[in-house]
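Beneath this line is the structure, given in structure tokens, with notes to follow.
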Amino acid sequence: MAGKMSPLVNFLIKDKLLTQEKLSILLAEQKEANLTIHELLIRNGIVSEEQILMTLSKHLDLPFIKITPQEIKADIVKKVPAKIATHYNFMPLREENGVIIVALYDPLDVIVQDEIRLFLKKEIKIVLAKKDEISQAIRKYYGIGADTVERMMVENQNLEVLGKEQKSEEDIRDESIDPSVIKFVNQILVQAINDRATDIHFEPYEDEFRIRYRIDGILYNMAIPPTIKHFESSIVSRIKVMANLDIAEKRLPQDGKIKAKGGHDEFDLRISILPTPLGESVNVRILSRSSLFLGLEKLGLGGKDLEILNSIIQHPHGIILATGPTGSGKTTTLYAALSKINSTDRKILTIEDPIEYQLKGITQMQIQPKIGLTFANGLRSMLRHDPDVMMVGEIRDLETAELAVRTALTGHLVFSTLHTNDAAGAVTRLLDMGIEPYLITSSVDCIIAQRLVRIICDNCKEEYIPGKEILKELLDEQSLNIKKPKFYRGKGCAACKFSGYKGRTAIYEMLVIDDDIRQLIMERTPSNIIKKKAVSLGMKTLRRDGLAKILRGLSTPEEVLRVTQQDMDIDIKGNPS
């Protein structure tokens, strides 16, 4: 806010929210820090942003509002250029009798207000709102980087007429290094990282260039100006340059990597580019190095399952398989297990596609199919490297499966993944590949199936009663009446982007290959019978583990039902542990 001793200081002292002693300390601190008194007040916790705005509202007789969709009229947003709203950080709300109502954070900066009037050529009326709410409203209604796109449109007015088919490669090269394009791509990346996104999708269509990002496993549209379609080629070219890819190649898929740093965190951005008839589709996978290493205790494993896994990973030999679809956290679970047993007396090797994170003390190798380095060939080479423990990124074919089994039978502990729906399905998959039953029973120790479920946002958590259909699908009436469980959900707030969820945890199904299960495998028993037997012996299904997390208030019935299949023909009655 403007001025070191603005009227706000006097307002706060008058309302006994600030003392002269504290003010003297802040004035002394201000000489060292390049901050205003008002920023120091908030940073030091003397007053909150809300208290400042309420004080200003009281003494200046200005309304203090919470910005909601009802407050904003779309017609006024179209009249006010994005570059002005962004530059002065105000949000136009509506027009009343020729006067534009604008939400401002600092009503004491009269110079800014005069400049807004000059640009809009209209009289304005001020209402107060929080700085973050104003910024979020600008991003939502104008789109991320809207001011940058407006500037690009002004500087490149011929683009709309020219059309991308008529552009030469040289034109695209020039645009790819345009500062405005660089700034826009950076804004998209920074916003995605700030919103905890794991993926960004740049998707070309005939009449639009859509950008979506994935948060906690769910895709959301990123608010961007519709005119961004004109800069589609430039944006893709910029990403290619950052990932050191060939910007002239548009016919073949390309993969690359970008290393980025934001604040104290470092990120690996994996880039995948696919050619389509309407342009190139780009996926950016965001991997945070700082948020990788979760201990086994923090992954979501229940007490009994955690004990079992901790015991099995200490075995000198055998195979431990993690199963589930892409993006279900299999690699994170295996990394956590490897980190748990990583020590100076063990030689650990991995072969992956790709290497998602560098693990200190572990030798990692990435497959290169173009030069013949496949999982199978890499596994053969690893055996000659005197390992104790090996991780194979994925068992995709018979050759890799046979080598993994042989490796386990010759005294090595092997970790790997399979794409199956549940734990018992991994047995059927190995049999279908051509692995003999006696080899499976001799080598496989444990199969872990997992899914990721969203966690209820703590900020807006509330108790509720799910619908009867949901309860009927989730658990039987007898269990419901005995336990009288409480169910929770997220009401939706700014902290969770009104989704009701923030963060994810895993649910697990752990099939231990004991004598009873071995007998069924030897008889080539169908996977549903193996699963039913395992449940009778105490195995928790994915849904039962999900139910346990629901009753602990971590997730919702709707979320668990979304990611789990119905446990057909299996008696899951009883109370979840």
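Quick notes on this structure:
- What the phi angles of the stretch 425-442 give under the Karplus curve with 6.51, -1.76 and 1.60, with θ = phi - 60°, is a coupling list of x, 5, 5, 4, 4, 5, 5, 5, 5, x, 7, 5, x, 5, 6, 5, 5, 7 Hz, glycine and proline written as x.
- For the stretch 226-298, the dipole from Cβ point charges (+1 on Lys and Arg, -1 on Asp and Glu) about the Cα centre works out to 60 debye, to the nearest 20.
- Helix 146-155 and the long axis of the chain differ in direction by around 70°, with both axes built from C-alpha atoms.
- For MET222, distant residues with modelled amide H under 5 Å away: ILE211, ARG212, TYR213
- Whole-percent carbon and sulfur share, accessible surface of the stretch 263-347, 1.4 Å: 54
- Evaluated with a Cβ-only charge set (Lys, Arg +1; Asp, Glu -1), the stretch 247-380 carries a dipole of roughly 220 debye about its Cα centre, given to the nearest 20.
- Carbon/sulfur fraction of accessible area - the stretch 24-85, other protein chains in place, 1.4 Å, %: 53
- For TYR488, the residues whose modelled amide H falls within less than 5 Å of its own, excluding neighbours fewer than 5 places apart on the same chain, are TYR464.
- Over all orientations, the stretch 374-498 has a Cα convex hull whose mean projected area works out to 12.5 square nanometres.
- Computed over protein heavy atoms with a 1.4 Å probe, the accessible surface of the stretch 191-241 works out to 38 Å² per residue.
- Principal-axis tilt of helix 131-142 within the chain, Cα atoms, nearest 10 degrees: 80
- Electrostatic dipole magnitude of the chain [Cβ: Lys, Arg +1; Asp, Glu -1; Cα centre; debye, to 20]: 1120
- Charge dipole (the chain, unit charges on Cβ, about Cα centre) - positive-most of SER339, MET510, ILE13: ILE13
- Taking every alpha-carbon pair within the stretch 349-389, the share separated by more than 16 Å comes to 33 percent.
- Summarising the amide proton neighbourhood of GLN366: residues at separation of 5 or more, or on other chains, whose placed amide H is nearer than 5 Å comprise GLU352.
- Mean shadow area of the stretch 1-141, taken as a quarter of the surface of its Cα convex hull (nm²): 8.6
- Per-residue [θ]222 nm for the chain (sum of -39500 (n - 2.57) over DSSP H runs n ≥ 4, rounded to 500): -11500 deg cm²/dmol
- Dipole of the stretch 291-434 computed with +1 at Lys/Arg Cβ and -1 at Asp/Glu Cβ about the Cα centre; of MET390, HIS412, GLN364, farthest Cα towards the positive end is GLN364.
- Peptides ranked, highest mean first, by Cβ atoms within 10 Å: ranges 336-348, 538-550: 538-550, 336-348
- Selected from GLY329, GLN70, ILE211, residue furthest toward positive end of dipole (the chain; charges at beta carbon): GLN70
- Alpha-carbon Rg/Rh ratio, for the chain, with Rh computed the Kirkwood way: 1.04
- Of the solvent-accessible surface of the stretch 386-526, computed with a 1.4 Å probe over protein heavy atoms with every protein chain present, carbon and sulfur atoms account for 46 percent.
- Subset of LYS58/LYS122; LYS73/LYS229; LYS183/LYS261; LYS461/LYS486; LYS66/LYS486 violating a 20 Å alpha-carbon distance limit: LYS58/LYS122; LYS73/LYS229; LYS66/LYS486
- Sequentially through the stretch 301-313, phi angles give Karplus couplings (6.51, -1.76, 1.60; θ = phi - 60°) of 5, x, x, 5, 4, 5, 4, 4, 5, 4, 6, 5, 5 Hz, Gly and Pro residues having no value and appearing as x.
- Taken per residue, the accessible surface of the stretch 423-539 reaches 50 Å², heavy atoms only and a 1.4 Å probe.
- Average Cα contact separation per residue, the chain, under 8 Å, 6 or more apart, as relative contact order %: 8
- A simple rule links phi to the HN-Hα coupling: the Karplus curve 6.51 cos²θ - 1.76 cosθ + 1.60 with θ = phi - 60°, which for the stretch 225-239 gives x, x, 5, 5, 4, 5, 10, 4, 4, 5, 5, 4, 4, 4, 5 Hz, with x for Gly and Pro.
- For the chain, Cys with no neighbouring Cys Cβ under 4.7 Å: CYS446
- Normalised by the number of residues in the stretch 1-129, the average gap of Cα pairs under 8 Å and 6 or more apart makes the relative contact order 23 percent.
- Lysines whose Cα lies under 22 Å from that of LYS533, excluding same-chain neighbours fewer than 8 positions away: LYS304, LYS573
The values are calculated or read from the model by the stated rules, or taken from the named source; none is laboratory data. Because the structure is predicted, anything quoted here is derived from the model rather than measured. For neighbour counting, all protein chains shown are included, and Cβ atoms are generated from backbone atoms with ideal geometry for every residue, glycine included. Please note that ligands, DNA and RNA were not included when accessible areas were found on the heavy atoms of the full protein model with its side chains. Shrake-Rupley method; radii C 1.70, N 1.55, O 1.52, S 1.80 Å.
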